[in-house]
Amino acid sequence: MLVTRRETFSASHRLHNESWSDEKNNEIFGKCNNPHGHGHNYILEVTVAGEIDPDTGYVIDTKMLKWIIRKYIIEKVDHKHLNFDVDFMQGVIPTAENIAVAFWNQIADKIPTGKLYSVKLYETENNYFEYKG
Ligand code: NI
């Protein structure tokens, strides 16, 4: 059984590789290398896989899943600049791929019942990124 909780947040980022020249950054990242960054309204879907507990009928209490996602992810990234304001994103180019992996690492060991199955991050209406560990 798969159980998914959806959350949304807004954040800004800049795609920039410190070890490259400005020219190469511009060539690879284009507008996403804009010096002062740009923002997205992200949608995050976290899925937990597990067996149904016969006593509760739950795989995971979605109230608990919501609390975990908000405490360890949303409160740290919502209305923040991912390059500067988020401790667990330091030293990482904040592409959606890297954000999804970082979010997985934030919560994988916090799931009380079942196991983290996937972290899916929608950066735009047309692009989403899914990490399964
Ligand atoms: Ni972007």
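The values are calculated or read from the model by the stated rules, or taken from the named source; none is laboratory data. Treat the numbers as computed from the prediction; the structure is a model and nothing was measured. All Cβ positions, even for glycine, are placed from backbone atoms using ideal geometry, and neighbour counts span all protein chains on display. Side chains are part of the model used for accessible areas, which takes the heavy atoms of the whole protein and leaves out ligands, DNA and RNA. Shrake-Rupley method; radii C 1.70, N 1.55, O 1.52, S 1.80 Å.
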29 Å Cα-Cα reach of Lys66 towards lysines, excluding residues that sit fewer than 8 places from it in its own chain: Lys76, Lys80, Lys110, Lys115, Lys120, Lys132
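Please give the length that would be gained between His36 and Ala49 if that part of the chain were fully extended, namely 0.36 nm times their separation in residues minus their C-alpha to C-alpha distance (nm, one decimal).
Numbers: separation 13, 0.36 × 13 = 4.68 nm, distance 3.91 nm.
Value of the extension gain: 0.8 nm.
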Accessible area of Tyr117 in the full protein assembly, 1.4 Å probe (Å², nearest 10): 90 Å²
Probe 1.4 Å - accessible area at Asp55, Å² to nearest ten: 140 Å²
Aspartates and glutamates with Cα under 20 Å of Lys31, excluding same-chain neighbours fewer than 8 positions away: Glu18, Asp22, Glu23, Glu97, Glu123, Glu125
Where labels lie 7 Å past Cα in the beta-carbon direction, separation of Asp78 and Ser19 in nm: 3.6 nm
